[in-house]
Each structure stands twice: as C-alpha cells, then as structure tokens.
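Only the coordinates and a few stated rules stand behind these numbers; no lab work does. The structure displayed is predicted, hence computed values, not measured ones. As a convention, Cβ positions derive from the backbone with ideal geometry for all residues, glycine included, and neighbour counts pool all protein chains shown.
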Amino acid sequence: MKETMSAKERLLATLAHQTVDRIAVAQPLHTGTIELMKSSGAYWPEVHSNAELMATLSYEAHRIIGFESVRVPFDINIEAEAMGCTLEYHSGRNKGLDIQPPVKDPAISEAGDFSRVMDPDPYKDGRMPVVLEAIKLLKKKVADTIPVISMVVGPFMVAAQLRGVEAFMREIMRKPALALELIEKCRKVCVRYAQAQVEAGADVVVIVDASASCDLISPTQFDEFAKPFSRSITDSISVPTILHICGKNDLLLTRMAEVAPGISIDSMVDMAYAKQTVGKNTAMFGNINVNGVLLFGEPADVEKAVIECIEKGTDGLTTCCGIPPQTPTINLQTMVQTAKKHGFKKVYA
Amino acid sequence: MTEKMFEELNHAIVVGDIDEAGRLATLGLAENIDPLTITEKGLIPAMAIVSEKYDKKEYYLPQMLLSSEAFYEAFNILKTKMKVESKGRGKVLIGVVEGDVHDIGKNLVKIVLEANGFVCIDMGRDVPIEDYLQKVAEDKPDFLMLSTLMTPTMMSMRRTLEGLVEEGLRDKVKVAVGGGPISWDFCKKIGADFYGDNEKDALKWAVSEVKK
C-alpha cells in the first residue's frame, strides 16, 4: 500500500467526494498543546495576537505531530472581539497558557441595543489581520503539498457570543426578528473574513458553530437560525469548507451536510451511524475523544480508538474537538501514525 | 378554585409565560394560600414536566430557559412570604470551577434542586478553588456540586477535590461533578462521590443521599 497523493490533493479530493489513496490526516480543529508551545517557544496567550508566533505554533504541530496540514488560529473569539466583545486573555490559574481567551464582556447588554456592535474590516480590525498574516507566513513556510486550514466561527455562534449565550437563547424564542437581525450582521462579517482568509492563501476553511448544537437548540431552530447563515459562507468562497459542531448531534447530521462538503463531529456521535446517515456525498471528519482517549489514555488506547474510527468509515481522521493543551505529544503522534498506517484499509478492504 | 389556579400556574411555567406566572403567585398569596403549598402544587409539577420534555427532546435549552424564568418569577414572589431560611431538604453549594465561564448546565441543576426544596448557594462561575474551600468550611453544606464544560478546566476540578482533602474537609461534604467532558471514570479518578449526566441525575442523587 503506497501513497499516491500529496496531503493537499488528498484533503481536497476527500472534500470533493472523490476516490483517495488513503484517509486524510489533516486537522481542522486547533492544535495548541503545552508541549508544542515549549518546543517552539510560542506560548498562549501571546500566540493569539502575534502572527509570527501563531504561524510558529501551528507549524510545530505539523513538524512534531505529523498532521498533514497546518491550522490557524487557536481561539474562537476573534470575530466576536472584532465586533465589540472584550476578552480575558489571562484567565485561569495559568494566566491563559491553557485556556482560550473567553468573552469577559459581551457587546450587547440589552435586547436590540446594537450600538456597541461593530462592522469590522478583516484587513484592519481586531486580530483578524493577525490571522491573515499568519496564513501568509505559513504559505511560505510549508511545502505547497501541505494544506493550510483556517477557521471562521459560524454566524449563529458569533451572535450568541455578542449577546451572551443564555440571553441569546431566550431571544430566539421571544424576539426572533431581533435575533435574526443580529445573525445577519454576523454573517456579513464572517463572509468577508472568510474571503480574506482565502485571499491570504487558505486551502480549506473550517466553520466552527459550536452554539448551533443540539445540546442547545432544536433541529428546527438550527434550520431557521444557523443553517442558511453558515451555508452562506460555503457559497461565498472559492475553497471547500468543513463544518464542526460539538455535542450529541445525531439529529443534525443531514442538516450539517447541507452546510458544507465536509462535516466534523464530536465523539458522542457514533461514526458508523454518522457515515451511514450522510452517505458518500459528505466527507466525515472525526472523532477521536480528546479527553478520555487523548488526554488521559495511553498510546495503546489511542491506537485502538483510531483503528475503530477508521473501520467505522471516517474520511478524515481528526480529534472530536480542539486538542486540550495538556495532551501528551506521544498520544497525538500515535493517533497520526496509526491513521496513516491503517488508513489504506478503507480503499483496499 | 384553588386546584384550577395551580393548574394554570403550572401551565404558565411550562409555556414560559413570566407575567402570568407572577400574577398567579401573587394571587395565591392574596388568597392566603401557604407559599410552600403553592410551590409544591403550582411550581414543582411544572418543572418536572419541563425537565421531562427536555429529556425527550421536545424542549431544548431556549424553551427550558423561558420556563425557568417563569419559575423564578413566581418562586421569588412566594419566597418573600416563606418562613425564613430553613435548610430545606438539604444545603447545596454549587458552582463552575476556576477558569470556566460556561454556567448554563450549572444553572439548570440549581433550578431543579431549588424547585424541589433544596437550598442552593450559587458560587457563580470561574470560582477560585480557595473560595470553595472557605465556603465549605463556613457554611457546612451537605453537598458540593462542581461543573465544567471544558476539558482544560477538568484539572481545576481535580485540584478542588485535592484541596478538600488537604484542608480536612473531604468527609464533611458529598461531592458531585458534571459537565460535558466529565465521566464516571473521571469522577472516580479524582475521588468525587457522584457523576451526573444531567439535572435529573443530580436531583435523584441528592434526594437519595438525604434519605440515607
């Protein structure tokens, strides 16, 4: 069994639902671990605001772990911050080393008060230019055979960040028109930002829409408040997208497949069920359990989980969520090596 | 007349009608009905229905939040007339661990516990370990319930348990843990007493523990 495609060809062919030599081992979710921060010298939270450091830490995951991709950024609040939220960069005991900066102060404190909601220019405002610059640096740093993956947060989730999740959940019930107005504002920003990422060189754009999860909203609410808006990102850019939503989303799979050519799922969803549900016209990515297996497990547990996931039919072997910063390198290396070794089975079985 | 009012109050809470829930609670007090009776017959059945709908995926978080708003609207009106501060069925110290600001799950647990007669001291979110230890020592709760949604902050849950042991407080309080990444395995590993997947689990456990 031999590789006949480059990493980039493989990922793009997977997302075009074409035949590949083996499954993709590109990582659509963040890769910032403390061990990688130490070996590269690029630490959170400084990484979040510095293009050079962001590219360095991203590259380290490719170099040390062996992911067949590089991926930026490392937090999920860039859009919300550029639109008016205040973040806490040094939260927790380790002052932001192992925690993504959470929202400290949402931009909207009263229903319908959009006075503090900004309409950012991705080339100028907030940390969006940092990410664009990091993409450009990575393009120069890695061979053209390695895909550069960037991420944009889904419009529904950005709206929830701007309003505060709980208040926003009430608003979609009590004041749906206001909620939709806000989501539309976010959609415009997300589309512009995603387009700028592609212009900077992103080969694939991941849409993370964690709040649009069945753990929070119903499938009907997903159809009304999330799906058309994230779909609009896919429709507005020239590269393929992957949609990631955390949680137990069995009921959302076919709907997620309407948003993007690839979907990435949490470990709570059974991969075999997911693959059977969406069929061959959607590429499945997932879903190695980040806490039970990767963070607290041994390499042997990782190997077993990876083989099982491949046998269940995943098209891209990835983690089920962003990688917890304390995750040992050896487990991640085992994940990638096992996937590369056993990923051929899919084709030759 | 009263039975019908209880029925209406339950309905108002199930559909999340804040104004109606408040109006009926006030009306009940005006008719000199014991606030505890109103809570038992007019509020608790409603939250049981809401919780069941949530389990069956008829209700999702937005509907649940509206119902809990209506619940608190009525409950806070009734509380003003309740005989002061009994311990209820048990005292619960509840909060999200240090480093995590996701408190929706914790709030759901608190609502269900309060609706069922437990007294909750809500520590809020991103609470330093020391604050939990101090509060356990001072307020002597029967239960400590800790929540986190994020994987990195699971470590801070572990350190809270270690802190209880170091301070000699561990056998003074029963500890439950919960939240997205938490499991029974993790619960046992860090020496907590109970892991709950949802608010119903937490309630069932607390009720069975106070009966012991």
Subject >> Average Cα contact separation per residue, region A:63-212, under 8 Å, 6 or more apart, as relative contact order % >> reply: 29 percent
Original post:
HN-Hα J couplings of region A:279-291 from phi, Karplus 6.51/-1.76/1.60, θ = phi - 60°, integer Hz, Gly and Pro as x?
Top reply: x, 7, 8, 9, 7, 8, 10, x, 9, 5, 4, 6, 8
Subject >> 5 angstrom amide H check on A:Gly262, placed H, neighbours 5+ away >> reply: A:Thr241, A:Leu243, A:Ala283
Original post:
What spacing in nm lies between the two simple spin-label points modelled at B:Ile49 and B:Asp201, each 7 Å away from Cα in the Cβ direction?
Top reply: 2.7 nm
Subject >> Pairwise label distance in nanometres, A:Ala300 with B:Glu166, each label 7 Å out on the Cα-Cβ vector >> reply: 3.4 nm
Original post:
Taking a threshold of 19 Å on the Cα-Cα distance, which of the pairs A:Lys275/A:Lys312; B:Lys53/B:Lys81; A:Lys104/A:Lys185; B:Lys106/B:Lys172 fall above it?
Top reply: B:Lys53/B:Lys81; A:Lys104/A:Lys185; B:Lys106/B:Lys172
Original post:
B:Lys4 to A:Lys2: FRET efficiency via 1/(1 + (r/R0)^6), r the Cβ-Cβ distance, R0 56 Å, to the nearest 0.05?
Top reply: 0.15
**OP:** Check every DSSP H run in chain A and write down those whose alpha carbon atoms cover 30 angstrom or more along the long axis and whose mean Kyte-Doolittle hydropathy is -0.5 or greater.
**Re:** A:176-200
Original post:
What FRET efficiency do you get for A:Lys188 and A:Thr86 if R0 is 30 Å and r is their Cβ-Cβ distance, rounded to the nearest 0.05?
Top reply: 0.85
Original post:
Normalised by the number of residues in chain A, what is the relative contact order in percent for Cα pairs under 8 Å and 6+ residues apart?
Top reply: 20 percent
Subject >> Karplus-derived 3J(HN,Hα), 6.51/-1.76/1.60, for each residue of region B:29-37, Hz, glycine and proline x >> reply: 5, 4, 8, 6, 8, 4, x, 5, 5
Subject >> Test item: B:154-162 mean partner chain Cβ contacts at 10 Å >> reply: 2
Subject >> For chain A, calculated [θ]222 nm from helices alone, where every DSSP H run of n ≥ 4 adds -39500 (n - 2.57) >> reply: -12000 deg cm²/dmol
**OP:** Could you tell me the distance between the Cα centroids of region A:34-50 and region B:125-181, to the nearest Å?
**Re:** 30 Å
Original post:
Out of residues 5 or more away from B:Phe118 or on other chains, whose amide H comes under 5 Å of its own, with H placed 1.01 Å from N in the peptide plane?
Top reply: B:Arg89
**OP:** Step through the residues of region A:205-210 one at a time and calculate ³J(HN,Hα) from phi using the Karplus curve (6.51 cos²θ - 1.76 cosθ + 1.60, θ = phi - 60°), rounding each to whole Hz and writing x for Gly and Pro.
**Re:** 10, 8, 9, 9, 10, 4
**OP:** Give, as a single signed number, the net charge of other residues whose beta carbon lies under 9 Å from the beta carbon of B:His11, with Lys and Arg counted +1 and Asp and Glu -1.
**Re:** -4
Original post:
For A:Ile78, B:Ile18, what's the fewest-to-most ordering of other Cβ within 10 Å of each Cβ?
Top reply: B:Ile18, A:Ile78
Subject >> Sparsely packed chymotrypsin sites (Phe, Trp or Tyr not before Pro) within region A:180-265, loop by DSSP, other Cβ within 10 Å at most 13 >> reply: none
Original post:
Considering only DSSP states other than H, G, I, E and B, which GluC sites (Glu not before Pro) in region B:1-105 qualify as loop sites with at most 13 other Cβ atoms within 10 Å?
Top reply: B:Glu31, B:Glu58, B:Glu85
**OP:** Quick one: dipole size for region B:91-211, taken about the Cα centre, charges +1 on Lys/Arg Cβ and -1 on Asp/Glu Cβ, in debye to the nearest 20.
**Re:** 340 debye
Original post:
Counting only Cα, what are the radius of gyration and maximum Cα-Cα distance Dmax of the protein assembly as shown, in Å?
Top reply: 24.4, 82
Original post:
In the neighborhood of A:Asp266, defined by Cβ-to-Cβ distances under 11 Å, what is the net charge if each Lys or Arg adds +1 and each Asp or Glu adds -1?
Top reply: -2
Subject >> Residues whose placed amide H lies under 5 Å from that of A:Thr318, excluding near-sequence neighbours >> reply: A:Gly286, A:Asn287, A:Ile288
Subject >> Degrees between helix B:199-211 axis and first principal axis of chain B (Cα, 0 to 90, nearest 10) >> reply: 80 degrees
**OP:** Would you tally the net charge around A:Tyr43, using a Cβ to Cβ cut-off of less than 13 Å, leaving A:Tyr43 out, and scoring K and R as +1, D and E as -1?
**Re:** -3
Subject >> Average Cα contact separation per residue, region B:23-180, under 8 Å, 6 or more apart, as relative contact order % >> reply: 22 percent
Subject >> Alpha-carbon centroids, region A:269-310 and region B:4-38: separation in whole Å >> reply: 49 Å
